[in-house]
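The values are calculated or read from the model by the stated rules, or taken from the named source; none is laboratory data. This is a predicted model, so every value here is computed, not measured. Cβ coordinates were reconstructed from backbone atoms using ideal geometry, including for glycine residues, and neighbour counts include every protein chain displayed. When the accessible area is computed, the model is the full protein with side chains, heavy atoms only, and any ligands, DNA or RNA have been set aside. Shrake-Rupley method; radii C 1.70, N 1.55, O 1.52, S 1.80 Å.
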Amino acid sequence: MTGSVGKPELRFGFWDLTMPPMPPRSWLFPLVPQAQGSAYAEGLLSYFLRLADEHCLDVKVLVVKVVLPLLAKSYLLTARDKGTFAGSLKLRGPGLNGMQSLTRDWVRTLEELTIRTDLASLTMLPWSGALSPRDLLRKHRAWCPRCYSEWVESGSVVYDPLVWSIVPVRICLHHMEYLQTRCPYEDCRKEVPAFSPHARLGYCSSCLRWLGTRSQCGPLQEHQAKDEFNRDTWVAEVMGELIAVGSTPDSKAYALTKSDFWKSITMFADALANGSVITLAGKIGINVVTMHDLKLKTWLPSLGTLLQIAYSLNTTPLNLLTGNVTCDGSIAADIRSLNGSHTRGSQKKDPRRVFDLAEMEARLREVLSSENELAEPLTVVAKRLGYARNTLMIHFPKLCKAISERHRALHREKRSAEIDLAVQEARIIATRLKEQGIYPSAYRVGKQLSKAGYIRIPEVRSVVLGIRNSP
């Protein structure tokens, strides 16, 4: 014992002072994408909105401060410098879920920021070799209120599945109800942009209220035909199948090309049209020129064309794109159209209508003299009368100008009344907070307003600032 007192190495051993290997660190939280490999796999746009929410940042702040410098896109930098970045976000944002070069840039950037390697599966990029990006994605959000509500009640993550952003998809497969595309509140009723500077999952970008209300839900409405509902259900099912295959990191979709699709078309043409692709196109209601271009392999099939062909031939888009089809000619009698009982080739144009100037002038004067509190805009009036707005403007410029001015005047009056109400409400709230010894910040006042968006009105902010600075 005494011999070891002066020898520390015998008492404590030798310490290894080499630095242990450090795992890589990410700039942003590496959130786990929701429901990968299923029909309800999360989209990249939803993933980015969740990133902004997890970091307690506005979408615009996260884009401008973190993503934009890494993207290094001159047109986005120009839009930011000119103050038109909000409009650029709304215009280009939906493309995040798509298959364009912008999508690839965002995937690369977000994978660099989160150190994940599977974010391409949150988009339609796996199908970029076999499907056209044309008419693929919605510009505005679509959602199922029941899904939102159930996720919140169960404590699950609220997100937007990729399938909801696909244009032809109108049905929620979980609840067999139509997706909503407008804010459910009567004083708003606006479409919700897919991407905006202050976007939040599950909330309206205009009135900032929750979209998971069940009051607007309903399965099949009376005005909707049963066969239409069945077709919409089929579209949602086959698109869910397509996304489930594409949302797996090692998806076979990456290897698909146009030749696999054309192999399927040739097989159906041999079985149903004596080998003539043009004859097959006529039977299933596809434009002959479109089919000819596909035959020459100058085009990729658009999603609408792909769905029409698949529905008419009683197969699925996945089978057509992968070449996994079987046809023995027995389904020739079952060819059907996704657009209804008539194919596009058999549809006839309506005969040209006679434009009665005297009658139309009388109806416009009736609209102008009516005491309708709504004071509809000229576009709505023209649609109700069954004519284009420009047609009415050409023949009756003065009456149309008077109708438009009446609508604008009513809108200004309503807006002024709403601002006065918001100012009065903000004054009461800010005064009460100050009397209680609480600093009346715009955030605190906005939370107590009947509409949170009121705090963005300049007159309201001016009143709050005045009360805050008053002795």
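Brief remarks on what is shown
- Scan the range 406-454 for residues that are within 28 Å of Ala375 (Cα to Cα) and assigned to a helix (DSSP H, G or I) and the total you get is 23.
- Some residue of the range 57-70 being within 12 Å of Leu110 (Cβ to Cβ) and open to solvent by 40 Å² or more (accessible area, probe 1.4 Å): yes
- Checked against the criterion of being of a type outside the set (S, T, N, Q), within 21 Å of the chain's Cα centre (by Cα) and either modelled with pLDDT under 65 or surrounded by 10 or more Cβ atoms within 10 Å (Cβ to Cβ) (or both), the candidates Arg11, Arg50, Arg80 yield just one match: Arg50.
- Leading residue by the ranking (farthest from Glu359 (Cα to Cα)) among those in the range 374-415 that are among the hydrophobic types (A, V, I, L, M, F, W, C) and open to solvent by 50 Å² or more (accessible area, probe 1.4 Å): Leu374
- Residues located in the range 161-190, provided they are assigned to a loop (DSSP other than H, G, I, E, B), in contact with an Asp or Glu (Cβ under 7 Å, 6 or more places away or on another chain) and under 18 Å from Trp210 (Cα atoms): Thr181
- Number of the exception - Arg141 against (1) within 12 Å of the chain's Cα centre (by Cα); (2) touching a residue at least 60 places away in the same chain (Cβ under 8 Å): (2)
- Search result, residues across the range 287-314 that are open to solvent by 80 Å² or more (accessible area, probe 1.4 Å), under 15 Å from Met267 (Cβ atoms) and touching a residue at least 24 places away in the same chain (Cβ under 8 Å): Lys295
- Every test in (1) open to solvent by less than 50 Å² (accessible area, probe 1.4 Å); (2) touching a strand residue (DSSP E or B) at 6+ places or on another chain (Cβ under 7 Å); (3) closer than 20 Å to Phe48 by Cα is passed by His140 save one, and that test is (1).
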